[in-house]
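To start, the structure itself, in structure tokens.
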Amino acid sequence: VLARLLRVHGRPLPARPPRTAGARNALLARAALEERIADPPPLATLAAELDTSPFALLRAFRDAYGMPPHAWLTNARIRRARRLLETGSSPAETAVAVGFTDQPHLNRHFTRIVGVPPGAYRRERAAIRVLPGGTEARTE
């Protein structure tokens, strides 16, 4: 009976437009955080710039990137710090360049995420030389 009713009276569900506003806001928020990594805006300010609420932005960002903006920003700062340390920048200069308050602030987050302190990371990367073709060799 149910199958007959569906055949006679049933029709396809109307198409729903995909929800993209949250993903778009997350992408714009990420771009803004990357651009202003050393001095990021507070969540409320960022949400106001994107014409959304802080809660909606937080939820959209977490859905898009798997973590809240603050955690993403910390990871982005560490990624940038790694690149600076690999080029020979000192840990103190690196901390200021990527927006940490001071070197101990960088040390705490860097060690938690990378597993070694920034100074040890810099020394180890300085001992490794990249050969033509992309292979690495120790320079000892």
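The values are calculated or read from the model by the stated rules, or taken from the named source; none is laboratory data. Owing to the predicted nature of the structure, the values given are computational and were not obtained by experimental measurement. Note that each Cβ is placed from the backbone with ideal geometry, even for glycine, and that neighbours are counted across all protein chains shown. These area figures cover heavy atoms from the full protein model, side chains too; ligands, DNA and RNA do not enter into them. Shrake-Rupley method; radii C 1.70, N 1.55, O 1.52, S 1.80 Å.
In table form, for the structure just shown:
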read-out: Residue selected from region 95-140 under the condition farther than 19 Å from His70 by Cα and among the hydroxyl-bearing types (Ser, Thr, Tyr), by the criterion modelled with the lowest pLDDT; value: Thr139
read-out: Conditions (1) touching a residue at least 40 places away in the same chain (Cβ under 8 Å); (2) closer than 27 Å to Ala23 by Cβ; (3) open to solvent by less than 60 Å² (accessible area, probe 1.4 Å): number failed by Phe61; value: (1)
read-out: Residue pairs meeting the criteria (Cβ under 6 Å; at least 6 apart or on separate chains; first open to solvent by less than 20 Å² (accessible area, probe 1.4 Å), in region 69-89; second of a type in the set (Val, Ile, Thr)); value: Ile78/Ile113; Ala81/Thr94; Ala81/Val98; Leu85/Thr94
read-out: Lone unmet requirement of (1) open to solvent by less than 100 Å² (accessible area, probe 1.4 Å); (2) at negative phi for Gly66; value: (2)
read-out: Pair list, Cβ under 7 Å, 6 or more apart: region 98-127 residue free of Cβ contacts under 8 Å to residues at least 60 places away in the same chain and over 21 Å from Ile37 (Cα atoms), other residue among the polar types (S, T, N, Q) and exposed (fewer than 13 other Cβ atoms within 10 Å of the Cβ); value: Ala127/Thr139
